[in-house]
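Novice: Structure provided below as structure tokens; questions to follow.
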Amino acid sequence: MRPRAGFLSWRCTSRVQHFLVGKNSQCQQQPGQPPQASHHIQRRFFTPQQQQDITSRSVQVYRSTSADPFVNLSIEHHLLQRSHPDSTVLFLYTNRPCVVIGRNQNPWVEVNLGLLRQGVPGLKSGEVINRPVDLVRRRSGGGTVFHDEGNVNWTVICPPAVFDRDRHAEMVVRALRHLGVATARVNERHDIVLHVDAGDARETYKISGSAYKLTRLRSLHHGTCLLASPNLSRISPLLRSPAEPYIKARGVESVRTKVRNVEVDTAAFSDAVVNEFQRMYGSDHVDPEEGVMVGEESALDMPEICKGVEELRSPEWIYSQTPQFTFSTHPSEDDPRPRPSPPPELPPNFQFNLTARHGEIQDAAISGLTYLDDVDSASQNQVLSQALVSQHLHRITDWREALGSASPVPVDSEPVGRWLNGIFLPLMSLSEPAQQDGLKVASTTEGRHHQKGQDIHSWRRIC
């Protein structure tokens, strides 16, 4: 019978590490998890009392073996809530491909939901497949970021009295410098940037951003580090929403900046960060050979973590937390920005405006549709517009059907509905088997090699 403990203990006996997860004593890497280097460790499950002892220590180090972003963010939240108020905690994890938006952001503004559904290339059993990209809303503020196996995410949880926005970002910079990345530094926006000489000029690229969550008893600072992403060229398209030109939002909007890979091994980076964390807090606090590995299966046995995963996966959390926004196909007094030219297949007089709060349509006005009966178009527009009120955007799975069913008379909803599908259609969470299996793609070479550090692309900042 498998113990219901959430964490594993590990002890290092060499520089390279090997992670043990699962129910038996053999070394194994779970499907979809980031590759780990080899290492001998002493493995044992903690009893509830031993877990309580771990979470009461003044300095703690945790690493996750899961690649599931919903699981990792829930483990992180559990550590924030349950670690001792006076302790300092380091948590490291790597996610499968996902886009993570901030607590107060608008997914229809930040993300190309259609491209997320298409996924990104990856290998399984030597065959190239398209892996769906998860959409995740985290509990901290800030902007949108892309994660994959080429990113390592780091989290530091500490007492509010000692919280500083640069303190642990500088810790990560020192780790990078120990790995030979001499020009990394923390800028005035608390991002980690890399200076690169380009002829007579020096270019600056973002390699890590941060977000924060502050509570009465605890402070959380977490960030990414873009080390060796195989999807560097895909980040910008994934984070360019086709709805953005039409939406005026109240939430936090991300700012574009140039990014690049650092070209550092993810396992070496994690080791270096742990070493810097230990140097900061002294060998009298932390045994340099001790730490806690968090396995996904064991973590999900913990009710609080399981509940957190369910919340983060729910469409209500992902979409209904969205602050109020307006959508309008044409400039208005409140939003005079010019709009893109409408697709030629749309009716020439088509206009659509709506206001949504927490993803629910508060008011709507649509006109220019083609009704198939000889009716007063103005009055039918009003009836159809009113029928859209109180509907949740993320629950509309096909705008052609939504417009057709909302109209009391037959209406040609095909061109408008197809266009609105491309704007609003949500990304619903796929089942775990679908996430693992992915979709086959024709190319046998695309996605097998990541872009080198000289390839530069636009990326969203996350602070």
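Novice: Looking for something touching a helix residue (DSSP H, G or I) at 6+ places or on another chain (Cβ under 8 Å), in the same structural domain as residue 396 (by TED's automatic domain parsing), of a type in the set (Ser, Thr, Tyr) and under 30 Å from residue 355 (Cα atoms) - is there at least one such residue anywhere in region 250-262?
Specialist: Among the residues of region 250-262, not one is touching a helix residue (DSSP H, G or I) at 6+ places or on another chain (Cβ under 8 Å), in the same structural domain as residue 396 (by TED's automatic domain parsing), of a type in the set (Ser, Thr, Tyr) and under 30 Å from residue 355 (Cα atoms), which makes the answer no.
Novice: For residue 194, state whether it is in contact with a Phe, Trp or Tyr (Cβ under 7 Å, 6 or more places away or on another chain), in the same structural domain as residue 107 (by TED's automatic domain parsing), farther than 22 Å from residue 100 by Cα and crowded, with 22+ Cβ neighbours inside 10 Å.
Specialist: Judged against the criteria, residue 194 is a match.
Novice: Quick check: is even one residue across region 309-329 in contact with a Lys or Arg (Cβ under 8 Å, 6 or more places away or on another chain), open to solvent by 80 Å² or more (accessible area, probe 1.4 Å) and among the acidic types (Asp, Glu)?
Specialist: Checking region 309-329: not a single residue is in contact with a Lys or Arg (Cβ under 8 Å, 6 or more places away or on another chain), open to solvent by 80 Å² or more (accessible area, probe 1.4 Å) and among the acidic types (Asp, Glu).
Novice: Also, quick follow-up: Does residue 89 count as closer than 22 Å to residue 394 by Cβ and touching a helix residue (DSSP H, G or I) at 6+ places or on another chain (Cβ under 9 Å)?
Specialist: No: the conditions fail for residue 89.
Novice: Shifting gears a bit: Which of the residues that make up region 175-191 are open to solvent by less than 60 Å² (accessible area, probe 1.4 Å), assigned to a strand (DSSP E or B) and either farther than 19 Å from residue 267 by Cα or among the aromatic types (Phe, Trp, Tyr) (or both)?
Specialist: 186
Novice: Name the residue, out of 122, 114, 141, that is under 22 Å from residue 327 (Cα atoms) and in contact (Cβ under 8 Å) with a residue 40 or more places away in the chain.
Specialist: Going through 122, 114, 141 in turn, just one is under 22 Å from residue 327 (Cα atoms) and in contact (Cβ under 8 Å) with a residue 40 or more places away in the chain: 114.
One line per residue, one yes/no per condition, for (1) under 28 Å from residue 271 (Cα atoms); (2) crowded, with 18+ Cβ neighbours inside 10 Å; (3) modelled with pLDDT under 95; (4) of a type in the set (A, V, I, L, M):
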position: 119; (1), (2), (3), (4): no, yes, yes, no
position: 127; (1), (2), (3), (4): no, no, yes, no
position: 157; (1), (2), (3), (4): yes, yes, no, yes
position: 173; (1), (2), (3), (4): yes, yes, no, yes
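Novice: Please name all residue pairs, on different chains or six or more residues apart, with Cβ atoms under 6 Å, provided the first residue is in region 209-221 and is farther than 12 Å from residue 157 by Cα and open to solvent by less than 60 Å² (accessible area, probe 1.4 Å) and the second residue is basic (Lys, Arg) and outside any strand (DSSP E or B).
Specialist: 209/461
Novice: So, one more: Would you say residue 296 is of a type in the set (Asp, Glu) and surrounded by 20 or more Cβ atoms within 10 Å (Cβ to Cβ)?
Specialist: Yes: the conditions hold for residue 296.
Novice: Determine whether region 386-408 contains at least one residue that is modelled with pLDDT of 95 or more, among the charged types (D, E, K, R), more than 22 Å from residue 99 (Cβ to Cβ) and open to solvent by less than 70 Å² (accessible area, probe 1.4 Å).
Specialist: Within region 386-408 (the criterion being modelled with pLDDT of 95 or more, among the charged types (D, E, K, R), more than 22 Å from residue 99 (Cβ to Cβ) and open to solvent by less than 70 Å² (accessible area, probe 1.4 Å)), the answer is yes, since at least one residue qualifies.
Novice: With 357, 337 as the choices, which residue is in contact (Cβ under 8 Å) with a residue 60 or more places away in the chain, within 19 Å of residue 247 (Cα to Cα) and open to solvent by 20 Å² or more (accessible area, probe 1.4 Å)?
Specialist: 337
Novice: Taking residue 400 and the conditions (1) more than 17 Å from residue 416 (Cβ to Cβ); (2) under 33 Å from the mean Cα position of the chain (by Cα), which numbered condition does it fall short on, given that it satisfies the others?
Specialist: (1)
Novice: Answer yes or no as to whether residue 356 is touching a Ser or Thr at 6+ places or on another chain (Cβ under 9 Å) and closer than 28 Å to residue 98 by Cβ.
Specialist: yes
The values are calculated or read from the model by the stated rules, or taken from the named source; none is laboratory data. If you're wondering where the values come from, they're calculated on a predicted model, not measured in any experiment. Ideal geometry is used to build each Cβ from the backbone, glycine not excepted, and the neighbour counts take in all protein chains shown. Surface areas here come from the heavy atoms of the whole protein model, side chains and all, with no ligands, DNA or RNA. Shrake-Rupley method; radii C 1.70, N 1.55, O 1.52, S 1.80 Å.
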